[in-house]
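Take a look at the structure set out below.
Every number in this text was worked out from the coordinates using simple rules, so none of it is lab data. Note that this is a predicted model, so its numbers are computed, not measured. We place every Cβ from the backbone using ideal geometry, glycine too, and count neighbours over all the protein chains shown.
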Amino acid sequence: MIIAFRGTTTKLQLFVQTAYTLGPKEEFYAMGKVQRYFKDALEAIWSNVQPFLELADYKSYSISFTGHSLGGALASLAAVRTVKDGYRTSNQIKLITFGQPRVGDSTFAAMHDQLIPYSFRIVNKADLVPHLPPCKTTNDMCDPDPERKSAYHHGTEIWYSNGMDVNATYRVCAGLPFDEDNTCSNSLPDLSFKVDDHTHYFDQMVSQFGKSGCIDDD
């Protein structure tokens, strides 16, 4: 079973999303704190997701959660909620996101890694959104120290540093700091991040690709 969440569709929505993610964080299943905007968004649509988790004929099916941008954040939280509410076990869940922002703090990231071990974040070149909210205030590395209470990624980054055409190569970012490999997209200067690298994945404008029924015209 695949459950996909739609992401940010306009630059205005991206601006609003960015503004809200700089706001307060809230506890999520006693796993640490997450951005309230993402938590509230999942709550607003959960009644549409839950019936699929309860289908008797598919109880034994594994679930892959996915999404782009905001949809990646929702997929991340939905994966947690699915396990915590007893619909599936951890080994029945896969999480693969695209251009996902940071969802919570370092405590949440560590707990998420334990609960959802199959978790990958795909990042296109200098995509801006995976670097929001910021995890640092200076040019040092992202710090997993929970005392800092800053935003922090969970899951392993898969970085396409030179674009995502058919022959593109990628890097599995397993360096330090854990989940925030400083030699992958975090190594880019802050002023180099681009919105266009966020709206296009695998040479497709994500929002238009979805509207077309996910048909590749090439």
Subject >> Proxy reagent accessibility, fewest Cβ within 10 Å first, across CYS135, CYS214 >> reply: CYS214, CYS135
**OP:** Return the long-range amide H neighbours of SER150 (sequence gap of 5 or more, or a different chain), with a cut-off of under 5 Å between placed amide H atoms.
**Re:** SER106
Original post:
Given +1 on the Cβ of Lys and Arg, -1 on the Cβ of Asp and Glu, and no further charges, what dipole in debye does the chain carry about its Cα centre, rounded to the nearest 20?
Top reply: 440 debye
Original post:
Excluding same-chain residues fewer than 8 positions from LYS136, which lysines have a Cα within less than 29 Å of its Cα?
Top reply: LYS11, LYS25, LYS33, LYS39, LYS94, LYS125, LYS149, LYS194
Original post:
Of [x] 14.6; [y] 12.1; [z] 13.2, which one was derived for mean projected area of the Cα convex hull in nm² from the structure shown?
Top reply: [y]
Subject >> Under the Karplus curve 6.51 cos²θ - 1.76 cosθ + 1.60, θ = phi - 60°, whole-Hz ³J(HN,Hα) for the stretch 191-206, x wherever Gly or Pro sits >> reply: 6, 8, 5, 10, 5, 4, 5, 8, 7, 10, 10, 6, 6, 10, 6, 4
Original post:
Taking the highest mean first, how do the peptides 41-47, 204-210, 166-172, 29-35 order by number of other beta carbon atoms within 10 angstrom per residue?
Top reply: 29-35, 204-210, 41-47, 166-172
Subject >> the chain: Cys lacking any partner C-beta under 4.7 angstrom >> reply: CYS214
**OP:** Measure out, as a whole number of angstrom, how far apart the alpha-carbon centroids of the stretch 110-135 and the stretch 148-178 sit.
**Re:** 8 Å
